[in-house]
Amino acid sequence: MTNRYIVNNYILLDPLGEGSYAEVRLCKEKSHNQLYAIKIMNKDLLKKKNVGSNSTFMDDVKREIAIMKKLQHEHILQLYEVMDDPKVNKMYLVLEYMKNGDLMQMTKGNARTNTCEPLSDLKTWYVSRQVLLGLKYLHDNDIVHGDLKPQNLLVSDTGVVKLADFGISKMVEKSSEVSEP
């Protein structure tokens, strides 16, 4: 284990992954020894503008947090806590830990070549069913995920699939008019 340090009640452990503006690490809550994933973001990077947009990465993170706080479903990754530490200019999101990683890792996939080991028909049905249940919940709550891909489908040690990474998700307003087919 490298670079262990403590943030509030969490002991940060091994890296789990890295994105364009965040690092995700395994962490353990000190008093209960419960494992979580913690997304660590440098706020200086979050202040940068998105390419081709007037919004910043911080705007995306704030939207992601607002959306995730509203969500409670067995096929949606759970956000437990948000910590903003001005002393080190970092923001932390404490998330549910999914031991088997993402679907791309689980199938020994390669994101650069878009290849992976195929799932059996039964496993494909099982994964698809869970993804669709998660999407139905989102759509019933007027949320569009916007970035559905194997890397954003996390798998627990018991095979439960959860939708993750709500960075570009959007809340949509329902139209009061119902269109006829």
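The values are calculated or read from the model by the stated rules, or taken from the named source; none is laboratory data. Quantities reported herein were computed from a predicted structural model and do not represent experimental measurements. Cβ sites come from the backbone with ideal geometry, for glycine too, and all protein chains shown count toward neighbours.
Couple of notes before you dig in:
- Apart from one condition, LEU148 fits all of (1) in contact with a strand residue (DSSP E or B) (Cβ under 7 Å, 6 or more places away or on another chain); (2) under 27 Å from MET171 (Cα atoms); the exception is (1).
- Tally, over region 131-158, of residues that are surrounded by fewer than 17 Cβ atoms within 10 Å (Cβ to Cβ) and closer than 17 Å to TYR36 by Cα: 3
- Residue match in region 51-68 (condition: assigned to a loop (DSSP other than H, G, I, E, B), among the acidic types (Asp, Glu) and either under 20 Å from LEU148 (Cβ atoms) or modelled with pLDDT under 95 (or both)): no
- Of LEU148, LEU132, all but one fail to be among the aliphatic types (A, V, I, L, M) and without any contact (Cβ under 8 Å) to a residue 12 or more places away in the chain; the exception is LEU132.
- Residue in region 59-71 that is surrounded by 13 or more Cβ atoms within 10 Å (Cβ to Cβ), over 26 Å from LEU135 (Cβ atoms) and of a type outside the set (Gly, Ala, Ser) present: no
- Single residue of region 17-43 satisfying the filter (over 20 Å from ASP85 (Cβ atoms) and outside any loop (DSSP other than H, G, I, E, B)) that is nearest to the chain's Cα centre (by Cα): GLY17
- Number of positions in region 159-169 that are surrounded by 13 or more Cβ atoms within 10 Å (Cβ to Cβ) and assigned to a loop (DSSP other than H, G, I, E, B): 7
- Pair list, Cβ under 6 Å, 6 or more apart: region 72-97 residue farther than 19 Å from GLU18 by Cβ, other residue assigned to a loop (DSSP other than H, G, I, E, B) and of a type in the set (A, V, I, L, M): none
- Identity of the residue in region 83-134, hydrophobic (A, V, I, L, M, F, W, C) and assigned to a loop (DSSP other than H, G, I, E, B), that ends up modelled with the lowest pLDDT: ALA111
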